[in-house]
Amino acid sequence: MVLHFLVRGRVQGVGFRWYVHREAAEIGLRGWVRNVPEGHVEIVAAGTQAELAELRAAVKKGSRGSRVDAVVEHELAESEGDALGPFEIEGAW
C-alpha cells in the first residue's frame with residue numbers, strides 16, 4: 001500500500017521532517033518526506049496497512065513544537081512504491 005500525505009500547519013522549521021523520518025524508519029516504511037514551498041510538508045510512504053496507520057497517527061500527533069492543522073491523504077497506485085527506497089528526507093543537507 002502506498003499513501004501520499006500533505007500536512008498543513010506549523011510544520012516547517014520545527015523538526016517535523018526529522019520526526020516523520022524517525023517514526024517511518026522505526027516502523028520500517030519506504031518513502032520520503034519533504035517541505036513544499038507553500039509551507040506544508042509532503043510525505044509518500046509505502047508499507048502495510050497497519051504500518052501506514054501507525055505513521056498516520058504519528059503525523060497527526062506531530063513533533064514537539066509543531067502544530068498539525070490538517071492532513072490530506074490519498075492512496076497511490078502500488079506501482080508508485082516500486083521505486084521507493086529506505087525512508088529519507090528529501091532536500092535535507
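Along Cα→Cβ, 7 Å out, is where each label goes; now give me the distance between the ones at LYS60 and LEU76 in nm to one decimal.
2.2 nm
Taking only C-alpha pairs under 8 Å that are 6+ residues apart, what is the relative contact order of the chain in percent?
On the way: 193 pairs, mean separation 42.8, N = 93.
Relative contact order here is 46 percent.
Give the percent of DSSP beta bridges with both residues in the chain that are antiparallel, rounded to the nearest 5. Before the final figure, lay out each step's value.
Numbers: 22 of 24 bridges.
Rounded to the nearest five, the antiparallel share is 90 percent.
Taking the Cα centre of region 5-72 as origin, work out the dipole magnitude from +1 charges on Lys and Arg Cβ and -1 charges on Asp and Glu Cβ, in debye rounded to 20.
For region 5-72, the charge dipole is close to 220 debye.
Based only on the alpha carbon positions, what is the Kirkwood hydrodynamic radius of the chain, in angstrom? Can you show the working numbers first?
Values: mean 1/r = 0.0778 Å⁻¹.
Its Kirkwood hydrodynamic radius stands at 12.9 Å.
Residue by residue, what Karplus-based ³J(HN,Hα) values in Hz, rounded to whole numbers, does region 77-84 have, using 6.51, -1.76 and 1.60 with θ = phi - 60° and x for Gly and Pro?
With the stated coefficients, region 77-84 comes to 5, 3, 4, 4, x, 4, 8, 7 Hz.
Need one number: nm distance between label points at TRP18 and ARG34, each 7 Å from Cα along Cα→Cβ, rounded to one decimal.
In this crude spin-label approximation the distance works out to 2.1 nm.
Say the dipole of region 20-67 comes from +1 at the beta carbon of Lys and Arg and -1 at that of Asp and Glu; which of LEU52, PRO37, GLY65 then lies farthest toward its positive end?
In region 20-67, that residue is GLY65.
Identify the GluC sites (Glu not before Pro) of region 21-93 meeting these criteria: DSSP loop state and at most 10 other C-beta atoms within 10 Å of the C-beta. Don't skip to the answer; put the middle values down first.
On the way: sites: GLU23, GLU26, GLU38, GLU42, GLU51, GLU54, GLU73, GLU75, GLU78, GLU80, GLU88, GLU90; in loops: GLU38, GLU90.
Loop-located and lightly packed - GLU38.
Values quoted throughout were computed directly from the atomic coordinates according to the rules given, and no laboratory measurement underlies them. Because the structure is predicted, anything quoted here is derived from the model rather than measured. Quick reminder, even Gly has a Cβ in these numbers, built from the backbone with ideal geometry, and neighbours come from all protein chains shown.
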